[in-house]
1. Scan the stretch 38-52 residue by residue and report those that are of a type in the set (A, V, I, L, M) and open to solvent by 90 Å² or more (accessible area, probe 1.4 Å).
2. Just give me the residues in the stretch 1-37 being touching a helix residue (DSSP H, G or I) at 6+ places or on another chain (Cβ under 8 Å), of a type in the set (D, E, K, R) and exposed (fewer than 14 other Cβ atoms within 10 Å of the Cβ), in sequence order.
3. Determine if the stretch 73-85 includes at least one residue that is over 12 Å from the mean Cα position of the chain (by Cα) and of a type in the set (Gly, Ala, Ser).
4. If we scan the stretch 45-64, do we find a residue that is under 20 Å from residue 24 (Cα atoms), of a type in the set (Val, Ile, Thr) and without any contact (Cβ under 8 Å) to a residue 24 or more places away in the chain?
5. Checking residue 91 against (1) within 21 Å of residue 16 (Cα to Cα); (2) more than 15 Å from the chain's Cα centre (by Cα), only one condition comes out false. Which one?
Amino acid sequence: MWILFAGASRPDAPYWPGRRWLAAVDAMAWPTAWVLLLLRALPEPGGVVLPTMSAVAALVVVGRLRRAVYANHHYRFTTSRWCRAVGTLLVIGWMLKSMLGA
């Protein structure tokens with residue numbers, strides 16, 4: 001038996017001038033970074049992995065760019081999400097380092 005609970009939907013993101021263009025840059029930057037990291041990580045003859053991942057990244061860019069430009073009120077910035085997570089880990093590491101006296 002399945003019990004499903006519907007949570008409240010997230011409110012629309014606030015609009016400010018330049019948000020649409022910054023969202024478009026954010027939407028294209030992360031999948032492009034995936035491909036660039038893959039280029040650096042793979043050995044020279046990448047085989048079928050590099051073209052396949054590039055095609056997947058291109059499809060992801062199209063979807064993210066469509067949401068960033070045409071449905072901007074639903075777009076959430078990936079950069080802010082990752083910066084928040086990394087910042088939290090840095091603060092925890094700094095606190096542990098200061099508590100241990102290292």
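The values are calculated or read from the model by the stated rules, or taken from the named source; none is laboratory data. Just so it is clear, the model here is predicted, and its values are computed rather than measured. Note: ideal-geometry Cβ built from the backbone for every residue, glycine included; neighbour counts use all protein chains shown. We work out accessible area using only protein heavy atoms, side chains counted, and drop any ligands, DNA or RNA first. Shrake-Rupley method; radii C 1.70, N 1.55, O 1.52, S 1.80 Å.
1. The answer is 39, 48.
2. 12 - this is the single residue of the stretch 1-37 that is touching a helix residue (DSSP H, G or I) at 6+ places or on another chain (Cβ under 8 Å), of a type in the set (D, E, K, R) and exposed (fewer than 14 other Cβ atoms within 10 Å of the Cβ).
3. Checking the stretch 73-85: not a single residue is over 12 Å from the mean Cα position of the chain (by Cα) and of a type in the set (Gly, Ala, Ser).
4. Scanning the stretch 45-64 turns up at least one residue that is under 20 Å from residue 24 (Cα atoms), of a type in the set (Val, Ile, Thr) and without any contact (Cβ under 8 Å) to a residue 24 or more places away in the chain.
5. Only one criterion in (1) within 21 Å of residue 16 (Cα to Cα); (2) more than 15 Å from the chain's Cα centre (by Cα) is unmet by residue 91, namely (1).
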